[in-house]
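First comes the structure, then the notes that go with it.
The values are calculated or read from the model by the stated rules, or taken from the named source; none is laboratory data. In this text, all values refer to a predicted model and were calculated from it rather than measured experimentally. A quick note on method: Cβ atoms are made from the backbone with ideal geometry, for glycine too, and the neighbour counts reach across all protein chains shown. Keep in mind that these areas ignore ligands, DNA and RNA; they rest on the heavy atoms of the full protein, side chains included. Shrake-Rupley method; radii C 1.70, N 1.55, O 1.52, S 1.80 Å.
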Amino acid sequence: MKPINLKIKGINSYVSEQQVDFGKLAENNIFGIFGETGSGKTTILDSIILALYGVSDRDVLQNIINVNTKDAYIEYTFDMENHDGSTTRYFIRRDFHLRASGLKTEAILNDVKKNITLAEMPDNVNNKVLEIIGIGKKEFTKCIALPQGEFDRFLSDTPAL
């Protein structure tokens, strides 16, 4: 998976819309995300995981929405290489609406090149993402977005793990 773009609004420390253009960041083939403690570095990774899988390890979804808003969203665009070497560009949007009755969520997954919707509604999007990426959230988090403090454990795990 190659990240292309991430937009987040109302998630953790990001009240207003923020955009991360990974294409621009990676123009020299390497980039880092730096900042002070609490500046939102982990929120960027959490937002990618939340966009893909609809859940977060950090907290219950209601607590991920910034306290100054009742509505939040994540838009994530990424490329996946196909078996024939071509790529497909996908766009996911997840909306979160905190109401007195609880958290309401919406989701949509599109194939950008074909301009078609592949799935709507959170469960359908979750299933389609799993089909596209080929690994679940647990494996993605462990292998792709390694949590802080777990690098030593990752290095010592057996191939089966």
Any lysines whose Cα falls less than 25 Å from that of Lys142, other than same-chain ones fewer than 8 residues away, would be Lys2, Lys7, Lys41, Lys128
With every protein chain in place, what's the accessible area of Asp123 (1.4 Å probe, Å², nearest 10)?
110
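If you count, for each residue, the other Cβ atoms within 10 Å and average over each peptide, how do 82-89, 20-27 line up from highest to lowest?
Going by the mean number of other Cβ atoms within 10 Å, highest first, we get 20-27, 82-89.
Figure the gain on full extension for Gln19 and Thr117 (residue separation times 0.36 nm, minus the Cα-Cα span) and round it to one decimal in nm.
Residue separation times 0.36 nm, minus the Cα-Cα distance, leaves 33.0 nm.
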For Glu131, project a label point 7 Å along Cα to C-beta. Then give me every residue of segment 109-124 with its amide nitrogen under 11 Å of that point.
118-120, 124
